[in-house]
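Below is one structure, written out as structure tokens; comments come after it.
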Amino acid sequence: MVKAAILGFGTVGSGVEEVLRTNAALIERRAGTAVTVKYILDIRDFSGTPFENVVIRDFERIENDPEISVVIETIGGARAAYDFTRRALAAGKSVVTSNKELVATHGAELLALAREKNVNYLFEASVGGGIPILRPMLQCLTANRIEEVTGILNGTTNFILTKMLEENVSFDAALRDAQTRGYAERDPSADVDGLDACRKTAILADLAYGREVCPDAIETEGIRGVTLEDAENASRAGCAIKLLGRSILREDGRIWAFVAPHFVPKTEMLANVTGVFNAIRVTGDAVGDVLFYGQGAGKLPTASAVVADVVDAVKHREVRRVLSWEPAPVSDTQDAAPYVADLADMPCAFYVRGEAGDAFGRCERLSADALITQVMPTGEFREKIAALRASGREIHSVFRVL
């Protein structure tokens, strides 16, 4: 029998306990042994609940208990969770997490510590919630050079954009609806400003290309600037508006990595991913495009991925899973090219709404003040937009076109 501890008993933590209890027989068969929860670490009072005898407040009890071999971290954030994860790994315990902020900012360090202690640090749920993506990238696609990873990585923003496009609802109204339904927090900044998608993009790039990509190196734009006029123009162009996190392998071995709203043609599968669902498209040099689709968040979908990692950790107690990436490279010279390349020379077409006149030459006109440019280097496009604004022209919206 394997005994585990759950850190944090909120939505995901309670979901993990539920899945472990409800599917106990199935999990025992697949893990090769029973998995039980000995401790739940949480600062709240659970007196009078079925969990009152297992809830504790002192992490040292978990850290120093030799019976605990797997720690399940569902606290979130990168402060207490970082401290507890380091201590658990250092104590020779495998750690499973759904914490994208922690993995994105400290993943290389924690994986190195896990390797040193011959234990596992697993985080399938940190990117796609219930969508299996990390294992398929590492196992099923291992024969491929990954050329691009593009995903709808945040269900809240996808819900808001779907409401705007399909129901003619303003951004503010769609956001309020998302908050009422529990899809968005009271402070929705991490979602609507693209921070959540940025962290997930970093993790996907880490695994796809084998080098650490710091979230701070990823140019990130959210969806606050999307208006109903833009949604109408997207429909005219046969497109949907999606917030995409993208990492693209360049010919020189460096990558472009960014998060931004895009016009996505409805002929693309990603354009038809609606509501709170997520999807991740991986492009390999041999396999071509592969799409992973499903619920990217939620109590039981996320718990499903966490428990799958628990089973994996239990099955690999003697031989750890090979999962790692190189730390972010440190330039030997000040003028060395950064691994995450500037977007200036990345070719792309752009949607523009505003007083652009004929600044972009031949283009697709959507309305009197909206157009889609031809493909051009991002730097050249930005220079033209800057010149228009400097001349007093009003530019309302600028989005990429996939």
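The values are calculated or read from the model by the stated rules, or taken from the named source; none is laboratory data. Just so you know, these numbers come straight off a predicted model, no measurement behind them. Don't worry about glycine lacking a Cβ; one is built from the backbone with ideal geometry, like all the others, and counts go over all protein chains shown. Note: areas computed on protein heavy atoms with side chains; ligands, DNA, RNA excluded. Shrake-Rupley method; radii C 1.70, N 1.55, O 1.52, S 1.80 Å.
Data for the structure
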quantity: Largest-first principal axis extents of the Cα set of the stretch 150-261 (Å); calculated: 43, 33, 17
quantity: Cβ-Cβ FRET estimate between R145 and S189, R0 fixed at 41 Å, reported to 0.05; calculated: 0.70
quantity: Cα-Cα P(r), the stretch 340-402, percent of pairs per 10 Å interval; calculated: 22, 58, 18, 2
quantity: Qualifying trypsin sites (Lys or Arg not before Pro) in the stretch 41-79, DSSP loop, other Cβ atoms within 10 Å at most 12; calculated: R44, R57, R79
quantity: The stretch 125-208 - percent of accessible surface contributed by carbon and sulfur, probe 1.4 Å; calculated: 44 percent
quantity: Length-normalised contact order of the chain in % [C-alpha pairs under 8 Å, at least 6 apart]; calculated: 18 percent
quantity: Sequence-distant residues sharing a close amide H with R211 (under 5 Å, placed H); calculated: E326
quantity: From phi via Karplus (6.51, -1.76, 1.60), per-residue ³J(HN,Hα) for the stretch 296-301 in Hz, x at Gly/Pro; calculated: x, 7, x, 4, 7, x
quantity: Most fluctuating residue given options N53, N144, N168, as computed from a GNM of the chain linking Cα atoms under 10 Å; calculated: N53
quantity: Per-residue [θ]222 nm for the chain (sum of -39500 (n - 2.57) over DSSP H runs n ≥ 4, rounded to 500); calculated: -10500 deg cm²/dmol
quantity: Derived scalar couplings ³J(HN,Hα) [the stretch 265-274; Karplus, 6.51 cos²θ - 1.76 cosθ + 1.60; whole Hz; x for Gly, Pro]; calculated: x, 5, 6, 7, 4, 4, 5, 9, 8, 10
quantity: Alpha-carbon centroids, the stretch 260-302 and the stretch 156-205: separation in whole Å; calculated: 15 Å
quantity: Contour minus Cα-Cα distance for D252 and T33 (0.36 nm per residue); calculated: 74.1 nm
quantity: Among L204, L110, L161, residue whose mean-square fluctuation peaks in a GNM of the chain (springs only between Cα atoms under 10 Å); calculated: L110
quantity: Residue-normalised accessible area of the stretch 1-147, expressed per residue, 1.4 Å probe, Å²; calculated: 44 Å²
quantity: Under 20 Å from the Cα of K266 - aspartates and glutamates, other chains or at least 8 residues apart; calculated: E148, E166, E167, E229, D230, E232, D289, E364
quantity: Förster radius 25 Å - calculated FRET efficiency between D45 and A80, Cβ distance, rounded to 0.05; calculated: 0.85
quantity: Percent RCO, i.e. relative contact order, over the stretch 1-99, from Cα pairs under 8 Å lying at least 6 residues apart; calculated: 33 percent
quantity: Burial order of peptide ranges 369-381, 114-126 (average beta-carbon count within 10 Å, highest first); calculated: 114-126, 369-381
quantity: Under-5 Å amide H pairs with E221, H placed in peptide plane, nonlocal only; calculated: V259, A260
quantity: Chain lengthening between E18 and E355 when straightened (0.36 nm per residue, less Cα-Cα); calculated: 115.8 nm
quantity: The stretch 240-280: translational diffusion in µm²/s, Stokes-Einstein, Kirkwood Rh over Cα pairs, 4 °C, 1.567 mPa s; calculated: 113 µm²/s
quantity: Stretch gain in nm, segment A337-E52, where the contour uses 0.36 nm per residue and the Cα spacing is subtracted; calculated: 97.1 nm
quantity: Per residue value of the accessible surface for the stretch 176-215 (all protein chains in place, 1.4 Å probe), Å²; calculated: 44 Å²
quantity: Long-range HN-HN contacts of I6 with modeled amide H, under 5 Å; calculated: Y39, I40, L41, I72
quantity: The stretch 285-294 - phi-based ³J(HN,Hα) in whole Hz, Karplus 6.51/-1.76/1.60, Gly and Pro as x; calculated: 5, 9, 7, x, 8, 10, 10, 10, 9, x
quantity: Carbon plus sulfur fraction of accessible area for the stretch 253-329, probe 1.4 Å, in percent; calculated: 54 percent
quantity: The stretch 243-317: translational diffusion in µm²/s, Stokes-Einstein, Kirkwood Rh over Cα pairs, 10 °C, 1.306 mPa s; calculated: 105 µm²/s
quantity: Degrees, to the nearest 10: 378-390 long Cα axis against longest axis of the chain; calculated: 60 degrees
